[in-house]
Amino acid sequence: MSKGIIKKVAGPLVVAEGMKDANMFDVVRVSEERLIGEIIEMRGDKASIQVYEETSGLGPGSPVESTGEPLSVELGPGLIGSIFDGIQRPLDAIMRIAGNNLKRGVEVPALNREKKWSFVPTVSIGDAVEPGDIIGTVSETELVEHKIMVPSGVCGIVKLIKKGNYLVDETVAIIKTEKEEKELSLFQKWPVRVARPFKKKLLPDMPLITGQRVIDTLFPIAKGGVAAVPGPFGSGKTVVQHQLAKWADADIVVYIGCGERGNEMTDVLNEFPKLIDPKTGYSLMKRTLLIANTSDMPVAAREASIYTGITIAEYFRDMGYSVALMADSTSRWAEALREMSGRLQEMPGEEGYPAYLGSRLSQFYERAGRIMSLGKISREGALSVIGAVSPPGGDISEPVSQATLRIVKVFWGLDSSLAYRRHFPAINWLNSYSLYVDTLSSWFSQKIDSSFMEYRAQMIELLHDEAELEEIVKLVGIDSLSSKDRLKLEAARSIREDFLHQNAFHSEDSYTSIEKQFLLIKLVLEFYNLSLQAIEKGAPVEALLSLPVREQIGRFKYIENKKSAQEYKNVLEKIVTEVGATLTKEDF
């Protein structure tokens, strides 16, 4: 344990000397108030420390003490449903001690040390275990069975294990290793900057179904994939992330509010406990944990919050769960890196961001993936990461957006003009993309329909053609277009309004199963294809565009999922009948 004294204080950066025995990324306690900090640079016996709490009032001469351990999180029962700050301090427990005003230097364990958990062993005395093996389970909530795993580096024979009610720090099992006897409790610690190990990484060939049509059909994300949601203020980043947290096909949701405005985080903290999980009927918090780190908290804590969140997410992934992590927003994290880099007087990169911005971002996003866990019996787990990016003025040419786009494989570009037109999700279909489409195409063809990708391609082609035709219409008017082009414009409008637009507050439209999405695409495109054939045979385009069945196509998205197959047949029959009738009218 190294002890030194403060030499300089510059905002969240404190320089201490006499720290020659300390190591990089050690956690330190600063001053008599024991503020939490982390060493981010060593020069001889001088340590540069980023302090995760307010440093006003600190001055040279105050003591600094290293704990000799890296910044770590506690992983065990009690995580689900909790609200932590950026360094895993439980905010509800701090409020009971310190009231509504968060005091400096408050020390509270991350996991409740007073609550007992019912532990049920899954191994017996004499069994051989290795890292990653499950030795027992704890029913954490109605939705989450917490699996107690053998920590990394522990391998041996079970000497003692017993069913019962335990505190998180009580010994539940003793493992006899080659060198010693290791006592295991319900929780383990893990350094946040180190990715948790796994046996094997799997190909991302399964989609993470979200129920959002523009995402699932046009720009899908794979389970274990990474996506970025850049967009200007007011374009709906938070709405998209709330929808994904509520509807995505994930067992656990980790939501990180990284440097967001206080009122936005307040909305999340107020809304999430009230939201009912549509799949189970329980509160969404029964499978969610929140990390609240608002913009008025010290800048340095933003960096820690990202690592804290992804380490917890990896822990649940190792149990065999599918985990979705929402980081809102990584731009605020990058701003923290920029400020600390400036205070360390490092050579700045583009727009003042540190030159290592890209590598730090990739270290974070590369911890996502679909994996086979450690242990004799491997479990398949997935960690999908969706990071919101808040470029100033919505300009995605700035460094954080560009560095993110070089790493992620899905880009959902939010458009403020769509948001102002009340088109949600406001994902611009002309500049968004997904690089998972090729690996996911066989899944869609096998599980949904062999023609799924063909319909998807035709839909994208119509949307791109519409953008070109709109330019012509602006110049010379719609009357100058041919009948086929007018039909194409109307088909694209139907795709936009009937398929891509989704009402998050409608009981049926808020979530659309992938099967129903395909039926809706087919209705829109069957009408277009049959009408195109009718025009070639001489049918007037005005008669086709005024057919009553078009309104039924628009209302199809409000049909219950279980009734959608029958309704599809009814509407398709009407499309065939009404389009065919335009060819037999006497007036043409």
* Structure fact -> If the label point sits 7 Å along Cα→Cβ of residue 479, residues of region 520-555 with amide N under 18 Å come out as 541-543
* Label-zone membership for region 341-366, site residue 406, 7 angstrom Cα→C-beta point, backbone N under 16 Å -> 348-366
* Dipole of region 259-374 (Lys/Arg Cβ +1, Asp/Glu Cβ -1, origin at the Cα centre): which of 372, 301, 356 lies farthest to the positive side? -> 372
* To do: Go through 524, 548, 565 and say which Cα lies farthest out towards the positive end of the charge dipole of region 460-573; charges sit on Cβ, +1 for Lys and Arg, -1 for Asp and Glu.
  => 565
* Would you mind counting up the charge near residue 27? Only other residues with Cβ under 9 Å from its Cβ, with Lys and Arg at +1 and Asp and Glu at -1. => -2
* Asked: Label-point separation (nm) for residue 92 and residue 127, each offset 7 Å from Cα along Cα-to-Cβ?
  -> 3.2 nm
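If we sort 218-227, 147-156 on the protection proxy, mean other Cβ atoms within 10 Å, highest first, what's the order? Don't skip to the end; give the middle numbers.
Details: 218-227: 25.7, 147-156: 18.4.
Per-residue Cβ counts within 10 Å, averaged per peptide and sorted highest first, yield 218-227, 147-156.
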* Compute, for residue 558, the solvent-accessible surface of its heavy atoms (probe 1.4 Å) with the complete set of protein chains present, and express it in square angstrom to the nearest 10. => 90 Å²
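By the scheme Lys and Arg +1, Asp and Glu -1, what is the net charge of all other residues having a beta-carbon under 12 Å from that of residue 439?
The answer is +1.
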* Residue list for region 5-33, given a label point 7 angstrom along the Cα-to-Cβ vector of residue 69 and an amide N cut-off under 20 Å -> 21-31, 33
* At 0.36 nm per residue, minus the direct Cα-Cα distance, what do residue 185 and residue 506 gain on full extension? Give it in nm, one decimal, please. => 111.0 nm
* Asked: Taking R0 as 35 Å, what's the FRET efficiency between residue 465 and residue 203 from their Cβ-Cβ distance, rounded to 0.05?
  -> 0.55
* Using a basic spin-label model with each label point 7 Å from the Cα along Cα→Cβ, how many nm lie between residue 565 and residue 472? -> 4.2 nm
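Considering only DSSP beta bridges where both residues belong to region 263-397, give the percentage that are antiparallel (nearest 5).
On the way: 6 of 13 bridges.
The answer is about 45 percent antiparallel.
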* Structure fact -> Counting only DSSP beta bridges fully inside region 319-409, the antiparallel percentage to nearest 5 is 40 percent
* To do: Can you bin region 381-462 into rounded, prolate or oblate? Criterion: square roots of the alpha carbon gyration tensor eigenvalues sorted a ≥ b ≥ c, rounded for a/c under 1.5, prolate for a/b above b/c, oblate for the rest.
  => oblate
* To do: Would you mind calculating the relative contact order of the chain from Cα pairs under 8 angstrom and at least 6 residues apart, reporting the percent as a whole number?
  => 13 percent
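Given Cβ point charges of +1 (Lys, Arg) and -1 (Asp, Glu) and nothing else, what value in debye, to the nearest 20, does the dipole of region 1-102 about its Cα centre take? Show your work: numbers first, answer last.
Details: 10 positive and 15 negative charges, 44 e Å.
It works out to roughly 200 debye.
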* Count the DSSP beta bridges whose two residues both fall in the chain, then state the antiparallel fraction as a percent rounded to the nearest 5. => 70 percent
* Structure fact -> Read-out Rg and Dmax of the Cα atoms in Å, candidates [x] 27.7, 98; [y] 27.6, 82; [z] 23.4, 78; calculated match is [x]
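Taking all protein chains in place and a 1.4 Å probe, what share, in percent, of the accessible surface of the chain do carbon and sulfur account for? Can you show the working numbers first?
Numbers: 12660 of 25020 Å².
In the chain, the share of accessible area belonging to carbon and sulfur is 51 percent.
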* **Dipole moment magnitude, nearest 20 debye, the chain about Cα centre, only Lys, Arg, Asp, Glu C-beta charged** => 1300 debye
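Filter the trypsin sites (Lys or Arg not before Pro) in region 319-396 down to the DSSP loop ones having no more than 14 other Cβ atoms within 10 Å, then list what survives.
Working: sites: 332, 338, 343, 360, 367, 370, 376, 379; in loops: 367, 376, 379.
Counting only loop positions with at most 14 other Cβ atoms within 10 Å, the trypsin sites (Lys or Arg not before Pro) in region 319-396 are 376.
What whole-number value in Å² describes the accessible area per residue of region 482-576 for a 1.4 Å probe? Display every interim value, and only then the final one.
Numbers: 4250 Å² over 95 residues.
Result: 45 Å² per residue.
The values are calculated or read from the model by the stated rules, or taken from the named source; none is laboratory data. Note that the structure is a prediction, hence the values are computed from the model and not measured. Quick reminder, even Gly has a Cβ in these numbers, built from the backbone with ideal geometry, and neighbours come from all protein chains shown. Heads up: the accessible areas ignore ligands, DNA and RNA and are worked out on the full protein's heavy atoms, side chains in. Shrake-Rupley method; radii C 1.70, N 1.55, O 1.52, S 1.80 Å.
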